[in-house]
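Taking it in order: structure first as structure tokens, then the write-up.
The values are calculated or read from the model by the stated rules, or taken from the named source; none is laboratory data. Since we're looking at a predicted model, the values are computed, not measured. Every residue, glycine as well, gets a Cβ built from its backbone with ideal geometry; the counts of neighbours run over all protein chains shown.
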Amino acid sequence: MTIDLTRAAVYEREVSASLQRVWENVHDWEHLPWLHAQAFCGIELLDSGPWGWRARVQLTPRELDRHLVIELRCEEGAPTYHTRTLEGPGSGSDTRTTLSARGDHRTHVRVEFWIPEGEPSVVRATGDALVTLYTGLWDQDDIMMQRRQAFFEGRLGRVKPPPIRAAVPLGPDSTLRARLPYSVEVEGQRFRLRESEGQLVAHAALCPHLGGPLEEAEIVDGYLVCPWHGYRFSLTDGSNPDGRRCAMATPPRVEIDGTGNAHLVFESAEPGR
Ligand code: FES
Ligand SMILES: [Fe+2]
């Protein structure tokens with residue numbers, strides 16, 4: 001059955017990311033419930049390929065248990081991609097997004113929201129709500145894409161630590177604890193020093209997946225959880241417990257010597273390396 005659609009609203013903006021970064025983001029279905037947790041709280045991939053992806057998405061808040069099946073479809077070389085709601089609230093809707101490069105790190109985005117025909121006031125209200133939603137989503141994507149660009153250009157530092165065998169001095173334990181949390185740079189790689197369950201811990205500030213920010217990443221049951229795609233990394237050895245082919249180098253330990261001075265100690269044998 002064909003559903004008649006009407007254009008509820010148009011949203012246009014520019015983002016500070018190259019066309020390449022934006023397309024990468026379009027295909028990145030995994031970030032939805034993490035970066036956009038205010039809108040989505042779960043995702044199950046049903047299919048994907050060069051054409052795009054199809055997924056069952058759970059809407060926030062989790063208690064309402066509302067699901068959509070979304071299909072994102074693009075054609076090679078075409079500037080417009082379609083995000084269609086196949087099942088769930090708003091079924092039949094087709095969001096058409098057109099991307100145009102405006103410079104090395106600038107892309108224009110035009111989004112047309114096509115929804116099933118209905119009462120004009122309802123269509124208007126739905127259009128307004130979609131513009132508000134997409135403004136927030138693209139704001140978050142813009143920040144992520146800019147950081148990814150810096151990551152790929154190596155401006156955020158090294159992902160893997162240099163082969164340090166010696167302990168790096170951090171000063172007196174009491175001073176260190178009073179400053180927490182803070183970051184230190186060791187031979188081009190940033191580490192975050194924090195306290196977790198009363199223990200001093202250290203870990204890389206840069207996610208080895210796509211450069212996500214780990215400085216304030218949640219620590220759950222001894223695992224660091226990246227806020228961009230939710231990949232988990234053991235604070236003990238950097239391994240990923242979920243079968244992802246993406247591990248972090250073994251995090252350094254914070255050790256206190258007999259004189260009360262703290263040191264960042266790197267392992268010489270690194271399973272994550
Ligand atoms: S950047 Fe993807 S999980 Fe961290
Ligand atoms: Fe996004």
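Odds and ends about this structure:
- Of all residues in the range 110-131, at least one satisfies being under 24 Å from the mean Cα position of the chain (by Cα), assigned to a strand (DSSP E or B) and at pLDDT 95 or above.
- So Pro50, is it over 26 Å from Glu117 (Cβ atoms), surrounded by fewer than 14 Cβ atoms within 10 Å (Cβ to Cβ) and in contact with a Cys (Cβ under 8 Å, 6 or more places away or on another chain): no
- Matching strands (runs of 3 or more DSSP E) fully within the range 209-273 where at least 1 residues are of a type in the set (Ser, Thr, Tyr): 223-225, 232-234
- Qualifying residue in the range 35-48 (condition: within 14 Å of ligand 1 (Cβ to nearest atom) and touching a residue at least 24 places away in the same chain (Cβ under 8 Å)): yes
- Residue in the range 160-177 that is within 16 Å of ligand 1 (Cβ to nearest atom) and surrounded by fewer than 17 Cβ atoms within 10 Å (Cβ to Cβ) present: yes
- So Leu45, is it assigned to a strand (DSSP E or B), at pLDDT 95 or above and either assigned by TED's automatic domain parsing to the domain that holds Leu214 or over 21 Å from Thr135 (Cα atoms) (or both): yes
- Residues within the range 17-32 that are of a type outside the set (A, V, I, L, M, F, W, C), within 15 Å of ligand 1 (Cβ to nearest atom) and either buried (at least 20 other Cβ atoms within 10 Å of the Cβ) or more than 17 Å from Arg56 (Cα to Cα) (or both), tallied: 4
- Residue-level analysis places Val109 among those that are in contact (Cβ under 8 Å) with a residue 60 or more places away in the chain, under 24 Å from Thr126 (Cβ atoms) and not assigned by TED's automatic domain parsing to the domain that holds Gly211.
Every residue, every condition in (1) within 15 Å of Asn25 (Cα to Cα); (2) of a type outside the set (A, V, I, L, M, F, W, C); (3) in the same structural domain as Glu24 (by TED's automatic domain parsing), yes or no:
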residue: Leu68; (1), (2), (3): no, no, yes
residue: Cys74; (1), (2), (3): yes, no, yes
residue: Ala78; (1), (2), (3): no, no, yes
residue: Arg84; (1), (2), (3): no, yes, yes
residue: Gly90; (1), (2), (3): no, yes, yes
residue: Pro116; (1), (2), (3): no, yes, yes
residue: Thr135; (1), (2), (3): no, yes, yes
residue: Trp138; (1), (2), (3): yes, no, yes
residue: Asp142; (1), (2), (3): yes, yes, yes
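- Residue among Arg148, Arg155 that alone is surrounded by fewer than 13 Cβ atoms within 10 Å (Cβ to Cβ), within 19 Å of the chain's Cα centre (by Cα) and either within 29 Å of His105 (Cα to Cα) or of a type in the set (Asp, Glu) (or both): Arg155
- Selection count where residues are more than 10 Å from ligand 2 (Cβ to nearest atom) and either modelled with pLDDT under 95 or over 12 Å from Ala17 (Cα atoms) (or both), scope the range 137-149: 0
- Matching residues, the range 192-204, being within 16 Å of ligand 1 (Cβ to nearest atom) and either in contact (Cβ under 8 Å) with a residue 24 or more places away in the chain or over 15 Å from Cys226 (Cα atoms) (or both): His203, Ala204
- Restricted to the range 66-116, and to residues there that are surrounded by 15 or more Cβ atoms within 10 Å (Cβ to Cβ) and acidic (Asp, Glu), the residue that is nearest to Val131 (Cα to Cα) is Glu112.
- Among all residues of the range 229-239, there is at least one that is more than 24 Å from Glu187 (Cβ to Cβ), touching a Cys at 6+ places or on another chain (Cβ under 7 Å) and either modelled with pLDDT of 95 or more or more than 13 Å from ligand 1 (Cβ to nearest atom) (or both).
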